[in-house]
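Below: the structure, in structure tokens.
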Amino acid sequence: MNPALKNDSPAPLVQLQDIDVGFGHIRALEGACLELHAGEVVALLGDNGAGKSTLIKVLTGLVRPQAGDIRVNGESLTLASPSQARKQGIEAVYQDLALVPLMSIARNFFLGRELTRSVGPVRLLDEEEMDRQASRALVQIGIQVRDTSEPVEGLSGGERQSIAIGRAVHFGSKVLILDEPTSALSIGETEKVLQYVEAARARGLGVILITHNLDHVYKVSDRLVILSQGKTIANLPVEQIEHEEAARLIMSGAGRKTPSERE
Amino acid sequence: MANPISQRLARHPEAGAFVGFIAVFLFFAALTPDTFLSGRSAASVLTSQAIPGIVALGVALLMISGEFDLSVGSILGVASLVFLELATHEVSPLAAASAGVAAGCFMGLINGLLLVWTRIPSFIITLGTLLVFRAICLTAISGGRIVRWSDVSRTDPVVLVPGLVTLALCIAVAVVLLWTARDLGRYRPQNRFTLGLSRLGAGGCLLAAVAVLGWSLGADIFEPWVIDLFGVLNGRIDIGAAAGNFRMSIIWWLVLAALFHLLLTRTRFGNAVFATGGHGEAARAQGVDVDRTRVISFVICGGLAALAGVLQVCRLKSVDPLRGEGLELEVIAAVVIGGTLLKGGYGSIIGAVVGTALTGMLRTGLVLSGVPSNAFRGAIGALVIIAVIINTLVRRQR
Ligand SMILES: Nc1ncnc2c1ncn2[C@@H]1O[C@H](COP(=O)(O)OP(=O)(O)O)[C@@H](O)[C@H]1O
Ligand SMILES: [Mg+2]
């Protein structure tokens, strides 16, 4: 696919413009921008503390920006809560907010959208159905779990990560966001995650991948966006930037804005 | 890897409390078999624990959601006062009781809103409201005054429900029961145990519906239904003179425990409570409205404390300004003994019931074996520490 063509299409799936976020006197984001099209993988890069996680939390409704414009399908929105973002088909795997350790795999899988059945005037959890659907969904994605009614607490970091990814892949219908998803994973598991990313793109989802591994970036992404100290300093198709230069930009923070400005 | 039985035990927060309960029971049964193993002492344990037991249900739910309520004793006091003050000032007793419970819900709401607005730890907030709510009682009934029902009437209040209203209520209840029976009967889970349980539930609902309808048909619809409110809420249950002092509050305690167990383990709200206490930010990221969950949990906790106060008034028929003082620590101890984690995310209503019963049994047992009653507090303290150690060890098994 030709990224240049896609950039011309009128309404990107997601458009974040001039986003400002402050935590007390820390300015996490200052005019950050991000654009994502359907069927596109964007690598969101930047040094630690650059504001990557904060930017995607703005998109999932977890962090309210002080200023800026959020557009989904060209429509301006205020994402007041995470459930609103989920209704838009946006799913994320967070770096620091994966699963609730003392709850079972199935309950984590369906957290916030539990399946119920009605019993007289009340609705009770349909635990059996959640167990069945969760294990089927995880197996489909290639994640083996012994027993979905087991608490997450006893699982390894990699297993938990896989379940969180499986959940986002299963429920994400428009946008899939992965914040350093491979940090706890083995080589084999990492390969699988990159395959999910490609499969999601093939299904027409927009994918935002945050990672420190530039090899992965060049393997799966169409475009890269570099953040530095809360600002977007680069936004280019991967073909237009060399591996070394991208690395230099991420580290130095001094860089070019967009392809159009460069020309 | 531990063996499957201990692993299965470890999934149940109340497992440790059950074991402790049996151990303490056997200990006193061996020590003072004649007095301890009697209906009288069982009645004394259950009747004395029903009130703190109902408060403990709310405190357990709230603790699982990750929060504390130190103000439950004061809420119980204010609610008791609201109920009896209104009832002794010619407000219908049912309305007065409802007002008492509503007052408790409102005080819980204040606690919850203060928490989500200020983000101050609930331990501090409710330490403050403990004093504020207590001050309401102390200023409203000052100078050593005690509000007594007997000052206004020699007989207990009755509630008159018009016959037609009774009939309508019965039909509504029967419809809900039949509806529930139908849904339970249609449920086809794979698990044999769940299947059996829903079949049993369906049968029970059906029988109850028939009983309610039969009773309402037998009643005269032009005669009002006379309810002895104090009696229904916390009267003596007559099961033979030798049986001891069993009271209605025991029934309400167990019914409420069953309802709140269902709420916590089988509903979306209950799931949100566990998730909020287990990892609030992760739950919020999955679209759980954690602040709403916290506020509702506080309201439930306040409402249950108030209800316990109302039930207690129905037995004591008086309110003094210090009613409920010190209750919070006793209840928190019972909940912790029942296996609920202080930091939230793990625990059970059944554990809270067993924990409350265990502390009551310990008190009765110590009294019966001639230990000075003041030593009871020390015993509870030791029990809390032992229970937490055991619960931690059991949890490591998985
Ligand atoms: N909840 C928060 N409270 C205070 N500061 C925060 C919070 N979240 C992020 N920050 C700060 O915002 C900046 C950006 O953080 P983050 O978005 O996590 O960066 P990245 O994901 O790129 O490493 C950092 O300086 C971080 O310390
Ligand atoms: Mg980050």
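Laid out as a table, the results:
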{"quantity": "Accessible-area value, residue B:179, 1.4 Å probe, nucleic acids and ligands omitted, Å²", "calculated": "110 Å²"}
{"quantity": "Chain A: angle of helix A:127-141 to the longest principal axis, Cα-based, in degrees nearest 10", "calculated": "40 degrees"}
{"quantity": "Extreme residue, positive dipole direction of the protein assembly as shown, given options B:136, B:208, B:279 (C-beta unit charges)", "calculated": "B:208"}
{"quantity": "Relative intensity, log₁₀ I(q)/I(0), of the protein assembly as shown from a Debye sum that treats every alpha carbon as a point, q = 0.08 Å⁻¹", "calculated": "-0.73"}
{"quantity": "Packing-based ranking, highest mean first, of B:221-231, A:79-89, B:369-379, B:25-35 given that Cβ atoms within 10 Å are counted", "calculated": "A:79-89, B:221-231, B:25-35, B:369-379"}
{"quantity": "Size of the B/A contact, given as accessible area buried on both chains, probe 1.4 Å, in Å²", "calculated": "3000 Å²"}
{"quantity": "Computed [θ] at 222 nm, helices only, for chain A once each DSSP H run of length n ≥ 4 contributes -39500 (n - 2.57)", "calculated": "-10000 deg cm²/dmol"}
{"quantity": "Alpha-carbon centroid distance for the pair the range A:137-199 / the range B:286-325, whole angstrom", "calculated": "42 Å"}
{"quantity": "Net charge of neighbours whose Cβ lies under 13 Å from the Cβ of residue B:316, counting Lys and Arg as +1 and Asp and Glu as -1", "calculated": "+3"}
{"quantity": "The range B:10-107: relative contact order as a whole-number percent, Cα under 8 Å and 6+ apart", "calculated": "16 percent"}
{"quantity": "Fraction of alpha-carbon pairs over 18 Å apart in the range B:53-128 - percent", "calculated": "44 percent"}
{"quantity": "Listed residue (B:239, B:86, B:116) projecting farthest to the positive dipole end of the protein assembly as shown, Cβ model", "calculated": "B:239"}
{"quantity": "Surrounding net charge for residue B:246, when Lys and Arg each add one and Asp and Glu each subtract one, Cβ distance under 14 Å", "calculated": "+3"}
{"quantity": "Cβ-based net charge around residue B:176, under 12 Å, with every Lys or Arg adding one and every Asp or Glu removing one", "calculated": "0"}
{"quantity": "29 Å Cα-Cα threshold exceeded, pairs from A:231/B:343; A:52/A:192; A:52/A:87; A:174/A:231", "calculated": "A:231/B:343"}
{"quantity": "Fraction of antiparallel bridges per DSSP, the protein assembly as shown only, in percent to nearest 5", "calculated": "65 percent"}
{"quantity": "Highest-first arrangement of A:133-144, B:182-193, B:315-326, where packing means the average Cβ count within 10 Å", "calculated": "B:315-326, A:133-144, B:182-193"}
{"quantity": "Axial C-alpha extent at least 30 Å, average Kyte-Doolittle at least -0.5 - helices from chain B (DSSP)", "calculated": "B:39-64, B:93-118, B:163-186, B:192-218, B:290-316, B:375-396"}
{"quantity": "Electrostatic dipole magnitude of the range B:244-394 [Cβ: Lys, Arg +1; Asp, Glu -1; Cα centre; debye, to 20]", "calculated": "260 debye"}
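The values are calculated or read from the model by the stated rules, or taken from the named source; none is laboratory data. No experiment lies behind these values; they were computed from the predicted model shown. Please note: Cβ atoms are built from the backbone with ideal geometry, for glycine as well, and neighbour counts cover all protein chains shown. Keep in mind that these areas ignore ligands, DNA and RNA; they rest on the heavy atoms of the full protein, side chains included. Shrake-Rupley method; radii C 1.70, N 1.55, O 1.52, S 1.80 Å.
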